[in-house]
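Step one of this worksheet: look at the structure below.
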Amino acid sequence: MVPAESHASEDGADAAASGPPRHGDSDDAPGLFSGMSTRVRWAAGVLAAGIPLGLLLAALAQFLPDGGIGKVSGHLAMTLAAISFLLLSVILYGQGTSCPSCRKWWSKAKLGKEFVDREVFEKGDTLVGKSLYRTTYRCANCGHKWQVSEEEEYQMSAPGRPQRHRK
């Protein structure tokens, strides 16, 4: 991610007074898990473990006696797996749509996408085109703006008619 605007003054005096640099102000693109707090990582890990555990318990419930406990445990185990999957999806989606500055979930709003550059090169015996796009986002909570660059690579066919293959 490349920051669109800086919150500090040009001389850097405000940056030193405000403490350590925020995650969104660095040039390194953060991964999904690197921006998570330890508490959220633990919650995601427990929920991720709950999915296969629930499925395993449901499979093992088949071998329990038919006296009712086997049927109930199978349903409870499947419910555990389903709820774990749902909550893990909510955490991952919330983390993926969070602001790199204030870290508020579901606050990322897309402002626009612009074409930046295109290059054509040979890859083996094939003519390949690569386009670079930049998407600008704004936090609905704190107003922080940031940009994300993405590449699209496609095979060139006849002149003027590219065949697109998303990366």
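Only one of the numbered conditions (1) exposed (fewer than 15 other Cβ atoms within 10 Å of the Cβ); (2) at pLDDT below 90 is violated by Ala61, and that is (1). Residues in the range 136-152 that are in a strand (DSSP E or B) and surrounded by 14 or more Cβ atoms within 10 Å (Cβ to Cβ): Thr136, Tyr137, Arg138, Cys139, Lys145, Trp146, Gln147, Val148, Glu152. For Met78, the conditions (1) under 26 Å from the mean Cα position of the chain (by Cα); (2) more than 16 Å from Trp146 (Cβ to Cβ) all hold with the exception of (1).
Annotation note: Cβ proximity below 9 Å between a residue of the range 43-63 that is over 29 Å from Gln95 (Cα atoms) and a residue that is basic (Lys, Arg) and in a helix (DSSP H, G or I) (sequence gap 6+ or interchain) occurs for Ala61/Lys71. Candidates Ser73, Ser98: the one that is under 30 Å from Gly54 (Cβ atoms), touching a Lys or Arg at 6+ places or on another chain (Cβ under 9 Å) and either at pLDDT below 90 or in a helix (DSSP H, G or I) (or both) is Ser98.
Among residues of the range 124-135 being among the polar types (S, T, N, Q) and surrounded by fewer than 16 Cβ atoms within 10 Å (Cβ to Cβ), the one that is nearest to Arg103 (Cα to Cα) is Thr135. The selection criterion, being assigned to a loop (DSSP other than H, G, I, E, B) and either among the aliphatic types (A, V, I, L, M) or surrounded by 15 or more Cβ atoms within 10 Å (Cβ to Cβ) (or both), holds for Trp105. Taking every residue in the range 93-111 that is under 10 Å from Asn141 (Cβ atoms) and pairing it with any residue that is small (Gly, Ala, Ser) and crowded, with 16+ Cβ neighbours inside 10 Å, at least 6 positions away or on another chain, the pairs with Cβ-Cβ distances below 6 Å are Cys99/Ser107; Ser101/Gly24; Trp105/Ser98.
The values are calculated or read from the model by the stated rules, or taken from the named source; none is laboratory data. Just so it is clear, the structure is predicted and the values come from calculations on it, not from any experiment. Because the Cβ atoms are built from the backbone with ideal geometry, glycine has one as well, and the counts that use them run over all protein chains shown.
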